[in-house]
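First comes the structure, then the notes that go with it.
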Amino acid sequence: MQRNRLFIILVTIIFTAMFLFSCAGSKKEEQQPAKEDATQQQDLDDIESLLGITSDQSTQQTQQPKQTQPKPKKRNGEKLDLLDTSERPVQSNNSMASAAVAQQNQNKDKNGAKYKKEVQTLKSKLKQKEQEINSLEQQLSKQNAQIQELSSQPKTRNFSAPTGTISAEEYKDKYDEARAAFESRNYRSAIDYFEALLASNSSHPLADNAQYWIGESHYALRQYDAAIIDFEKVLTFPRSNKKADAQFKLGLCYIRKGDTAKAAEEFNRLKADFPKSRNVARAERLMANF
């Protein structure tokens, strides 16, 4: 043990001497650091072999300072490089996320425009259907009004045609009853009354009037073909005061039938045969719209 201590003291003296020697000749050592390090390492190896220190112990002793040495600090450039390398994936990910968001927004815009167009189409179809429904409701309302009107008319009283001729006073009474039925819009009853009067006496002074009101009753019932026949019969009476009115109503019947050419023909005949009729001005106004 004492021998070993002596060797250790000797080694310590040698290291101290070498340190002082290295300080004194620093300029020369700076010029040849690699050679001196190799020389010192060789000296240390020789001394360790003399002292009986194995290479494992030497390695442990040399490794201990390495464990306590502080880690070298990274330079700013290395930090920037690390930041750059760490930020590059982030920037790439941000670009990909932005592209995905832009694509999603574009798809939303396309889908929104498509849905908007479909909604406009459906609204247009719905509006068209509503118009059709309104038109059908109006037609149904008119038909219901006609049905109600017909159902509200009183039943035709027994109006049997008189056998043979009747007195002028009785004929006038029956004629007034028929006119009352017409004014009450009981057109079918009025037709029966007037036809019964014509059957009893077609040469009576009121016979042409009865024929005319039969035509008016058919016109009110929208039976225009029958009304045309009735008004043409009025024109066959030689001294009827209803000829001008019947001629005008013929033109109206053809308008209702949609035959404006035939209506114009009847109105022109009215102007030619009955120029002083109050219906001439009316006929001219109607023909101006043909």
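What to note about this one:
- Among the candidates Leu136, Leu80, Leu150, residue that is at pLDDT 65 or above and either at positive phi or not assigned by TED's automatic domain parsing to the domain that holds Arg188 (or both): Leu136
- Of the helices (runs of 4 or more DSSP H) lying entirely inside the stretch 174-290, those containing at least 3 residues that are closer than 30 Å to Gln143 by Cβ and modelled with pLDDT of 95 or more span 187-200, 207-220, 224-234, 243-256, 260-273.
- Residue check for Glu284: touching a Leu at 6+ places or on another chain (Cβ under 7 Å) and acidic (Asp, Glu): no
- When the stretch 217-231 is filtered for residues that are buried (at least 20 other Cβ atoms within 10 Å of the Cβ) and under 16 Å from Glu183 (Cα atoms), the ones remaining, listed by number, are Ser217, His218, Tyr219.
- Residues being of a type in the set (S, T, N, Q) and surrounded by 20 or more Cβ atoms within 10 Å (Cβ to Cβ) - total across the stretch 166-199: 2
The values are calculated or read from the model by the stated rules, or taken from the named source; none is laboratory data. Computed from a prediction, not measured in an experiment: that's the story for all the values here. When we count neighbours, we look across all protein chains shown, and the Cβ atoms used for this are built from the backbone with ideal geometry, even at glycine.
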